[in-house]
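Down below is the structure, laid out as C-alpha cells.
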Amino acid sequence: MHTVREQVEYLSEFVTDYKNDLFRRLIAERTSYVTMVLEDFYQQHNCSAVLRSCDCFGIQNIHVIENMNSFTDNSEISMGATDWLTVHRHRKRENNTVETIEMLKSQGYRIVATTPHERDTFIDDIDLYKGKMAFFMGTELTGLSDDVLSRADEFVKVPMYGFTESYNVSVCAALLMYSVVQRLRQTDIDWHLPEEERYQVLFAWYKRSIKASAQILERFNHNE
C-alpha cells in the first residue's frame, strides 16, 4: 500500500486548484499544541458550539468524554466543523475521564482545568512554554469532576467582572482559545502539526471531499 503522503498527493488530483490551495493554507494553521477536552456536556448545542470555535481557531484535536451524556453533533450550530476536526470520543470505559487524562499525559500534555476559583491563573497569564496544553471544560451544571480536579497540573480561569457566577461554557471555551492561540502564534514555539499528523489530517480532508475516494484509493493501492 502507498504511504499516506503518496495517497494524499494522488487524491489532490481529483479536486480543484482552489480546494488544494485552501487545504494547503489551512493545514499550515492547524495546531495540536493545544487541545480541548469536553467532559460530559449534556447540552449538545454547547458541545457543537465549542467544536465550531475549535475549527475557527485551528485547534485540530478535540476530546469528548461521555461518562453519562452521549455526544450528538448539531450541524446547524457546528456548521460542519466535525468534518474538518479530529474528534476523539471517550465512551468505552467505566471511567472515561481518568483514561483520557492518562492518555493525554502519556502524549506529553499538561492537564489544565478550567475553573472559576479565585486562586487560578488567568488565561492571559498561562505559561505557553511549559509544553502542550489540554484544557478541560466541565459539564454545564456542576463543572469539572473531582477526577479532573485532583489530577490537573494547572488551573486557569477567564476574567469576570459581573454579578453572574460564570460564562456560558461555550463562550468560556472561545475566550480561552482566543487568548491562548493568539499569544501562541506570536511566540517562537513550534506549534504547527508534526509532518506525519499533517498528512493524516489532509488524508481525512481529501477523503471527505471526494465522493468516490474509497474506490479511487482502492484502485491506486491495488496498482502499486
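Are any residues in region 28-45 open to solvent by 40 Å² or more (accessible area, probe 1.4 Å), at pLDDT 95 or above and of a type outside the set (Gly, Ala, Ser), and if so, which ones? Reasoning before the result, please.
Our first condition is that a residue be open to solvent by 40 Å² or more (accessible area, probe 1.4 Å); within region 28-45, this holds for 28-29, 42-45.
With at pLDDT 95 or above added as a condition, the list becomes 28-29.
Passing the criteria: only GLU29.
Filtering region 51-61 to residues that are buried (at least 23 other Cβ atoms within 10 Å of the Cβ) and more than 20 Å from HIS192 (Cβ to Cβ) leaves only LEU51. Does region 152-169 contain at least one residue that is at pLDDT below 95 and in a helix (DSSP H, G or I)? Yes: one or more hits.
Scanning region 119-159 for residues that are of a type in the set (S, T, N, Q) and more than 22 Å from GLN60 (Cα to Cα) yields THR121, THR142, SER145, SER150. Is it true that ARG119 is within 26 Å of ARG208 (Cβ to Cβ), basic (Lys, Arg) and open to solvent by 20 Å² or more (accessible area, probe 1.4 Å)? When the stated conditions are applied, ARG119 does not pass them. Of all the residues in region 178-224, those that are open to solvent by 40 Å² or more (accessible area, probe 1.4 Å), of a type in the set (S, T, N, Q) and not in a helix (DSSP H, G or I) number 2.
Could you go through region 21-35 and let me know if any residue there is among the aromatic types (Phe, Trp, Tyr) and in a helix (DSSP H, G or I). Yes: one or more hits. Taking (1) surrounded by 17 or more Cβ atoms within 10 Å (Cβ to Cβ); (2) at negative phi in turn, GLY143 satisfies each apart from (2). Of all the criteria given as (1) of a type in the set (Ser, Thr, Tyr); (2) assigned to a loop (DSSP other than H, G, I, E, B); (3) crowded, with 19+ Cβ neighbours inside 10 Å, the one not satisfied by THR97 is (2).
Please find, among SER12, SER53, the residue that is over 17 Å from ALA173 (Cβ atoms), outside any loop (DSSP other than H, G, I, E, B), among the small types (Gly, Ala, Ser) and in contact (Cβ under 8 Å) with a residue 40 or more places away in the chain. Steps first, please.
Details: SER53 fails: over 17 Å from ALA173 (Cβ atoms).
Exactly one residue qualifies, and that residue is SER12.
Of the set (1) assigned to a helix (DSSP H, G or I); (2) exposed (fewer than 14 other Cβ atoms within 10 Å of the Cβ); (3) small (Gly, Ala, Ser), all apply to SER48 but (2).
For region 79-97, indicate whether the set of residues that are of a type in the set (Val, Ile, Thr), more than 17 Å from the chain's Cα centre (by Cα) and closer than 12 Å to GLU39 by Cβ is non-empty. Within region 79-97, none of the residues are of a type in the set (Val, Ile, Thr), more than 17 Å from the chain's Cα centre (by Cα) and closer than 12 Å to GLU39 by Cβ.
Scanning region 153-177 for residues that are among the small types (Gly, Ala, Ser) and buried (at least 20 other Cβ atoms within 10 Å of the Cβ), which turns out nearest to GLU102 (Cα to Cα)? Walk me through it before giving the result.
Taking region 153-177 and keeping what is among the small types (Gly, Ala, Ser), we get 162, 166, 170, 173-174.
Applying the additional criterion that residues be buried (at least 20 other Cβ atoms within 10 Å of the Cβ) yields 170, 173-174.
Details: SER170: 25, ALA173: 22, ALA174: 25 Å.
That would be ALA173.
Only residues that are open to solvent by 60 Å² or more (accessible area, probe 1.4 Å) and under 15 Å from ARG208 (Cβ atoms) were counted in region 1-15, giving 1.
Selection of first residues in region 62-91 that are more than 24 Å from MET133 (Cβ to Cβ) and open to solvent by 70 Å² or more (accessible area, probe 1.4 Å) and of second residues that are modelled with pLDDT under 95 and in a helix (DSSP H, G or I), restricted to Cβ pairs under 7 Å at least 6 apart or on distinct chains, gives the following pairs, ordered by first then second residue: THR72/GLN44.
The values are calculated or read from the model by the stated rules, or taken from the named source; none is laboratory data. This structure is a prediction, so every number in the text was calculated from the model and none was measured. Quick reminder, even Gly has a Cβ in these numbers, built from the backbone with ideal geometry, and neighbours come from all protein chains shown. The accessibility values were calculated without ligands, DNA or RNA, using every heavy atom of the protein model including side chains. Shrake-Rupley method; radii C 1.70, N 1.55, O 1.52, S 1.80 Å.
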